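Values quoted throughout were computed directly from the atomic coordinates according to the rules given, and no laboratory measurement underlies them. Worth saying up front: this structure is predicted, and the values here are computed from it rather than measured. Glycine also receives a Cβ, built like all others from the backbone with ideal geometry; neighbour counts cover every protein chain displayed.
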Amino acid sequence: METNESKRILSMYQCTGTFTLGNYLGALRNHIKLQQEGYQCVYALADLHALTVRQVPAELRKYTKEAYAWLLAMGIDLEKTVFFIQSQVPEHSQLAWILNCYTQFGELSRMTQFKDKSAKHADNINGGLFTYPCLMAADILLYQADFVPVGADQKQHVEIARDIAERFNGIYGDTFTVPEPMIPQHGARVMSLQNPLSKMSKSDENQNGNISVLDDPDTILRKFKRAKTDSDSQVRFAEGKEGVNNLMGIYAAVTGKSYPEIEREFEGKGYGEFKPAVAEAVIEELRPIQERYRQIVADKAYLEQCYREQAPKASAIARRTLSKVMKKVGLVL
Ligand code: ATP
Ligand code: LTN
C-alpha cells in the first residue's frame, strides 16, 4: 500500500506584500498541516514570479524575508519540509526557459490570470507575465511533485503544468511526474470584504476589503463590521448573498463548523451579531501566529541562516530533474 511518505507536495507563494487571510485560510494553513500527514513537502517564495509586475526593489527584498518569517511562524518545520527562496535555486529559471519552448502561445493566451493582470497593468504587459505559467510549471516539475496544493484561482496554472509534463513525456519518454492540484473545500476562495465577487488579494487597492495577517484586533473588527452584506439580514448560505456566504466561509474555515451549524447558531440574530463573531474568531486564530512572527522577524541572523541552508537542499533535488531534461533535449552537459 502506498503511504503519504512516498508522495511529494510542492507549493509556492508570491511575496509582494503581507499575506492576507485569504492566503492563510485558502492556502498556507492547510499546506503546513500536510507536513504532519507524512508528505514530503517542498515550499518556496516565488520572488521571480513577483518580477512580472514592477516592484520596488527594497520592498520586494523586505517582503520576501518577512514572508519567510510568516511561514515559519505559521508552523513550517525545516526538519520536515524544504522551504526556500525561488531565485536562490537557479534551476527554476533554467528549466523555465526550456519549458517555454514546449508551450504554445495559444494556451498561454487563455490563462485568466494573464488576462486579469494585463488589464490591471496595461502599461507593462511583459513577456514574463505571459510566460509566467512556464516558470510555475518548472517550479512544480523540477521536484517531481505529485500534488500541488493551491487556492482555486491557481487551478488553471496547475493544469497547464500537467499539459506541459504530458507533452514532454510524450516526446521524450517518462521524465516528469504529472502533478495534480489539491484544492481545499472551505476557504478555497476567500473573497474581498468590500467586493465579494472578487477574491481577497494583497494587491487590492481597497485595503478595507482584505484582512492582512498583520492586522491588529481593532482593525480586524472594523473591517468585518464594514463588510458588504445584503438587506435580508439572515445568516444563511444562499445564491445572491455573496457577502454573507463569504463571511460564513471564513467562519467555517476558522471554527471548523459546518454551514448548517452556523445557520443554527445565528438563527434570529442579525449581521450585527454575526460580523463581530467572525472577527473574534479570526483575531484568536491569528493572535499566536502574530506573536511568533514578531519573535522570528526580529532575529535577522536566524532568519538568514534558515533560508541560506535551505536553498542547496532544494537545488540538490531540482538538479536531478534538470540534468535529465537537458540530456533529453540535446543540450551538452
Ligand atoms: P496577489 O494578491 O498579488 O495576486 P495572491 O495573494 O493572490 O497575490 P499568492 O501569495 O501567490 O497570491 O497566493 C498564495 C496562495 O494563496 C495560492 O495558493 C493562492 O491560490 C492562495 N490564495 C490567494 N488569494 C486567495 C484567496 N482570496 N482565497 C483563497 N486562497 C487564496
Ligand atoms: N502562481 C502562484 C504562485 C506560484 C506557485 C508555483 C504555486 C508560483 N510557482 C508553483 C504552486 C506551485 C500564485 O500566484 N499563487
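A few notes on this one:
- Residue-averaged [θ]222 nm for the chain, counting only DSSP H segments that reach four residues, each worth -39500 (n - 2.57): -16500 deg cm²/dmol
- Against the rule of thumb 2.2 N^0.38 Å, how large the Cα Rg of the range 36-176 comes out: 1.09
- Residue among Ala138, Leu34, Gly243 farthest towards the positive dipole end of the chain, charges placed on Cβ: Ala138
- Ranked Val282, Val254, criterion: other C-beta atoms within 10 Å, fewest first: Val254, Val282
- Anchor Lys223: aspartates and glutamates whose Cα lies under 18 Å away (excluding residues fewer than 8 positions away in-chain): Asp204, Glu205, Asp215, Glu242, Glu273, Glu280, Glu284, Glu285
- Within the chain, the ratio Rg/Rh, alpha carbon atoms throughout and Rh by Kirkwood, equals 0.98.
- Here the scattering of the range 244-333 is modelled by Debye summation over its C-alpha atoms, one equal scatterer each and no solvent; at q = 0.24, 0.26 Å⁻¹ the log10 of I(q)/I(0) is -1.12, -1.21.
- Check: the range 76-130 dipole with +1 on Lys, Arg Cβ and -1 on Asp, Glu Cβ, in debye: 260 debye
- About the centre of its Cα atoms, the range 186-333 shows a dipole size close to 1140 debye [charges on the beta carbon of Lys, Arg (+1) and Asp, Glu (-1) only; nearest 20 debye].
- Filter on Lys65/Lys117; Lys7/Lys300; Lys33/Lys313; Lys300/Lys327; Lys202/Lys241 - keep pairs with C-alpha separation over 31 Å: Lys7/Lys300; Lys300/Lys327
- Simple spin-label estimate for Gln36 and Gln113 in nanometres, 7 Å along Cα-Cβ: 2.8 nm
- Normalised contact order of the chain, rounded percent, pairs of Cα under 8 Å and 6 or more residues apart: 22 percent
- By the compact-protein rule of thumb, 2.2 N^0.38 Å, the alpha-carbon radius of gyration of the range 1-70 corresponds to a ratio of 1.28.
- Using θ = phi - 60° in the Karplus curve 6.51 cos²θ - 1.76 cosθ + 1.60, the 3J(HN,Hα) couplings for the range 69-80 round to 5, 4, 5, 5, 5, 6, x, 4, 10, 6, 6, 9 Hz; x is entered for Gly and Pro.
- Each principal axis of the Cα cloud of the range 44-91 was taken in turn, and the coordinate range along them, longest first, works out to 34, 25, 13 Å.
- About its Cα centre, the range 73-187 has a charge dipole of approximately 340 debye under the convention of +1 per Lys or Arg Cβ and -1 per Asp or Glu Cβ, with nothing else charged.
- Peptides 229-242, 21-34, 115-128 ranked from most to least packed, by the mean per-residue count of other Cβ atoms within 10 Å: 21-34, 229-242, 115-128.
- Note on the chain: dipole from Cβ charges, positive end direction compared against Gly330, Gly209, Ser6; the farthest Cα belongs to Gly330.
- P(r), alpha carbons of the range 143-192 - 10 Å bins starting at zero, rounded %: 27, 44, 20, 8, 1
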